[in-house]
Amino acid sequence: QVQLVESGGGLVQAGGSLRLSCKASGRSLETFSIYSMGWFRGAPAMEREFVGGISWGDSTESYAHYVKGRVTISRDNAENTTYLQMNNLKPEDTATYYCAADRYYTSWQSDRMDFWGKGTLVTISS
């Protein structure tokens, strides 16, 4: 199976920064570059929503409009890891952030992703 483990969440004051990490592992894990890697977030009374992603193959980046300019996604294929750098955080960014992988496909739709992590909690205080 393929496992995804997120880390880097925590409590941050508004205006602060966090860097989230997601590392893939498992007996079925293939060459990391064939997976599009995305970050999604969820909170009470909200559906899971797309934050940012980086595609398989050519590593094209994509971001939700409400975070573009404040976040940067990257990947290190040699380490089977993707990162989400978040700056100028706002209270409305408070949520559990989930890492997801899509094998040989790029859509940034939550119901299409093949593998999911358990999430890491990000709390932004005002």
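The values are calculated or read from the model by the stated rules, or taken from the named source; none is laboratory data. This structure is a prediction, so every number in the text was calculated from the model and none was measured. A quick note on method: Cβ atoms are made from the backbone with ideal geometry, for glycine too, and the neighbour counts reach across all protein chains shown. For the accessible areas, the whole protein counts, side chains as well, though only heavy atoms, and no ligand, DNA or RNA atoms are used. Shrake-Rupley method; radii C 1.70, N 1.55, O 1.52, S 1.80 Å.
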For the chain, which semi-axes, largest first and in whole Å, follow from the square roots of 5 times the eigenvalues of its Cα gyration tensor?
23, 14, 14
Over the chain, what relative contact order in percent results from Cα pairs under 8 Å that are six or more residues apart?
35
With all protein chains present, the chain has a carbon and sulfur share of its accessible area (1.4 Å probe) in percent of 46
Using the Karplus curve 6.51 cos²θ - 1.76 cosθ + 1.60 with θ = phi - 60°, what ³J(HN,Hα) values do you get for each residue of region 86-102, in whole Hz, with x for Gly and Pro?
10, 10, 6, 5, 10, x, 5, 7, 4, 4, 8, 9, 10, 9, 9, 10, 10
Expected vector for region 70-80, Karplus 3J(HN,Hα) from phi with 6.51, -1.76, 1.60 and θ = phi - 60°, integer Hz, x for Gly and Pro, equals 10, 10, 9, 9, 8, 8, 10, 5, 5, 9, 6
For region 23-126, listing trypsin sites (Lys or Arg not before Pro) in a DSSP loop whose Cβ sees at most 10 other Cβ atoms within 10 Å gives R27
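Per residue, how much accessible area does the chain show when a 1.4 Å probe rolls over the protein heavy atoms, in square angstrom?
About 52 Å² of surface per residue is accessible.
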Hits among aspartates and glutamates - C-alpha to C-alpha of K23 under 20 Å, sequence gap 8 or more where chains match:
E6, D58, E61, D76, E79, D102, D114
Round to the nearest 0.05 the FRET efficiency obtained for E92 and T60 when R0 = 22 Å and r is the Cβ-Cβ distance.
0.25
Enter the accessible area of Y104 (Å², nearest 10), with the probe set to 1.4 Å and all protein chains included.
110
Rounded to the nearest 20 debye, dipole of the chain from Cβ charges on Lys, Arg, Asp, Glu:
200
